[in-house]
Amino acid sequence: MTDELAVRGIECFAHHGVFPDERRDGQRFVVDLVLGLDTGPAARSDDLHDTVDYGSLTMAVKAAVESDPVDLVETVAQRIADVCLSEGRVEWVRVTLHKPEAPITATFSDVALTIERKRGRR
């Protein structure tokens, strides 16, 4: 059985992007995570060691987003998925990476990429 644990709205500031001003000035990124895992053991034991410590995982995701600049949101989203799947209890992850200040000349409210990854597959 797989349950879902969501952490939404993780605010990050990073220097990703194709354009020089994105790399120079940086911008806000927002991450939403949905983790697939079996929460039954933790429900029975009431022990944090039997589940995902989403506080620590959130900080690891934030650090991954804010690390080495890359051109594409696709690369950042994969980096986030890799961090989540490194947590042994996570069977799959759905990552939505928002780039609300993307350099688009049209009026828009958000640019978002959603990926799903399963353990053992990229």
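What base-10 log of the normalised intensity I(q)/I(0) is obtained for the range 3-118 from the Debye formula, alpha carbons as equal point scatterers, at q = 0.18, 0.19, 0.22 Å⁻¹? The Debye formula, applied to the Cα set alone, gives -0.86, -0.94, -1.17. Computed from backbone phi, the HN-Hα couplings of the range 73-82 come to 5, 4, 5, 5, 4, 5, 4, 5, 4, 4 Hz, rounded to whole numbers (Karplus: 6.51 cos²θ - 1.76 cosθ + 1.60, θ = phi - 60°; Gly and Pro given as x).
About the centre of its Cα atoms, the chain shows a dipole size close to 300 debye [charges on the beta carbon of Lys, Arg (+1) and Asp, Glu (-1) only; nearest 20 debye].
Report summary: the helix-based calculation at 222 nm, which adds -39500 (n - 2.57) for every DSSP H run with n ≥ 4 and divides by the residues of the chain, gives -9000 deg cm²/dmol.
Connecting C-alpha atoms closer than 10 Å in a GNM of the chain, tell me which of 51, 105, 96 has the biggest fluctuation. Highest fluctuation of the listed residues: 105. For the chain, the longest principal axis of the C-alpha atoms and the axis of helix 54-66 are separated by about 20°. When the charge dipole of the range 3-118 is built from unit charges on Cβ atoms (+1 for Lys and Arg, -1 for Asp and Glu) and taken about the Cα centre, the candidate among 17, 97, 48 whose Cα reaches farthest toward its positive end is 17. Only Cα pairs under 8 Å and 6+ residues apart enter the sum, and on that basis the relative contact order of the chain stands at 27 percent.
No lab work stands behind these numbers, since they all come straight from the coordinates. A quick note: this is a predicted structure, and the numbers were derived from the prediction, not measured. FYI the Cβ positions are ideal-geometry reconstructions off the backbone, even for glycines, and counts take in every protein chain you see.
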